[in-house]
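Beneath this line is the structure, given in structure tokens, with notes to follow.
The values are calculated or read from the model by the stated rules, or taken from the named source; none is laboratory data. This one's a predicted model, so the numbers in the text were calculated from it and none came from an experiment. Neighbour counts are summed over all protein chains in view; Cβ atoms, including those assigned to glycine, are modelled from backbone coordinates with ideal geometry. To get the accessible areas, we keep the full protein, side chains included, count just its heavy atoms, and leave off ligands, DNA and RNA. Shrake-Rupley method; radii C 1.70, N 1.55, O 1.52, S 1.80 Å.
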Amino acid sequence: MKQTRLMKMLAAGMACAMAVSTVFAQTSSTTTTTAGATGVTTSTSEVSGSGVITTYTPGSDYISFRTETSTEPVRYYYTKKTVLVDPEGRAVEWSALRPDMPVTYSYVKEGDRMVVTKVTLAKPVTTYQKEQTTTTTTTKP
């Protein structure tokens, strides 16, 4: 009887810890702008997170990340304005993205879509150049 009560308390504690870690895994900031004499105010909220790329297909309009607190990948859309950089802040080509790359990202919610504004790779992209040498041997007749 006491063991089941202890197990329930431990399970509840784990659920609370998971919920708290989810809240702390993402940060957000809100920007409010007022336009001209009409006084139209718009507000956008940018949220940041980190995770691992699970799906990226060149030419598509989305990229999927698995966050550190979620087992299921989440789909985010990107646009031509989305910036992809390495840890030093240098621009990186989209063709360098691969599944299982750790990243941090920022996104805004536009309607029911989450649109990525910036993706920062956690590790520098490594490139290598394949060199091929050919040896030719000639013999005298």
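Taken together, 120, 79 contain a single residue that is under 13 Å from the mean Cα position of the chain (by Cα), among the polar types (S, T, N, Q) and outside any loop (DSSP other than H, G, I, E, B), which is 120.
Checking each residue in the stretch 60-71 for being open to solvent by 80 Å² or more (accessible area, probe 1.4 Å) and either in contact with a Cys (Cβ under 9 Å, 6 or more places away or on another chain) or at pLDDT 90 or above (or both) picks out only 66.
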